[in-house]
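Participant: First, the structure itself, so that you have it in front of you.
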Amino acid sequence: MASDKKLGCSITESDLDFLKLQYQVLSERRINHNTLLWNVPSMLFVAQTFLWTIAVNNDNNVIIRFPVSLLSIVISYISYQQFERNRVMEVADSEQMYSIETFFQTQKGKEKSNQTMIIHHKLSMRTLICGKYKSISEFLDNHPDYGEEKAEEEETVEKSSNEKKSSKLWKKAFSKLWKKESSKLWRIVFIFFFILSLVIALYNFKGFWECIYTFIANLLHLFHRVVKGIGSLF
């Protein structure tokens, strides 16, 4: 059959069609994981704001505040776990898509139509088919707003004004800022939320224990009075 024509390396046209279908599925799944990934911080902020408002309000009974504090700890942990899970799945899907992209790049020697860009990897690995720059990292390095090399060039060319110097220094600092993975910064936020929830829970635990202790003491005292009253009847 024509659809099973071999293209080299024991790969048929039907295999390539199947790879293209897998690539579409992976692309949609990666987008979904990315959406879920960045929904987690906003949901965490909303949930923790509500729970902390109850947990730190001394007008509420400590019997309510302490369980809410424990729930806050659980929500912090689950949110962090979900964030990392979605991140791992997004990275895994991107790596599989990168594998397909590199495979198609190996087929480009025969036809120009087979040229493929690497779009699912770190910026240093992403490529361009044609144009002034060979890779995305080279393009960004020379960008007037995001490029560190461009900022250094402008800083050496224009040294006459202090205002211009500060502007170039800001651009240089900004060019380093966007290179940091935001997921690593968000890990710090999640850990901070977890620790803060733990501190609030420990703060409420003292009052909760005192309340439980008083309740048990009163219960034992009542039980003692009942037993004593029954004994006086005999």
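Participant: Stretched out fully, how many nm does the piece from Val25 to Ile230 gain, at 0.36 nm a residue minus the Cα gap?
Facilitator: Values: separation 205, 0.36 × 205 = 73.80 nm, distance 7.63 nm.
Going from the current span to full extension adds 66.2 nm.
Participant: At a Förster radius of 30 Å, what calculated FRET efficiency corresponds to the Cβ-Cβ distance of Ser99 and Tyr77, to the nearest 0.05? Intermediate results must be reported in sequence, preceding the final value.
Facilitator: Working: r = 33 Å, r/R0 = 1.10.
In this case the efficiency is close to 0.35.
Participant: Calculate the FRET efficiency for Tyr133 and Val46 from the Cβ-Cβ distance with a Förster distance of 35 Å, rounded to the nearest 0.05.
Facilitator: Values: r = 42 Å, r/R0 = 1.19.
With a Förster radius of 35 Å, E is 0.25.
Participant: Mind pulling up the Rg/Rh value for the stretch 178-230? Radius of gyration and Kirkwood radius, both on Cα. Numbers along the way, then the final one.
Facilitator: On the way: Rg = 23.0 Å, Rh = 14.9 Å.
Computed over Cα atoms, the ratio is 1.55.
Participant: Computed over the Cα atoms of the stretch 33-135, what is the convex hull's projected area averaged over all directions, in nm²? Don't skip to the end; give the middle numbers.
Facilitator: Working: hull surface 35.4 nm².
The directionally averaged projection comes out at 8.9 nm².
A short reminder: the numbers here are calculations on the coordinates, not readings from a lab. None of the values given here were measured: they were computed from a predicted structure. Virtual Cβ from ideal backbone geometry, glycine too; neighbours counted across all protein chains shown.
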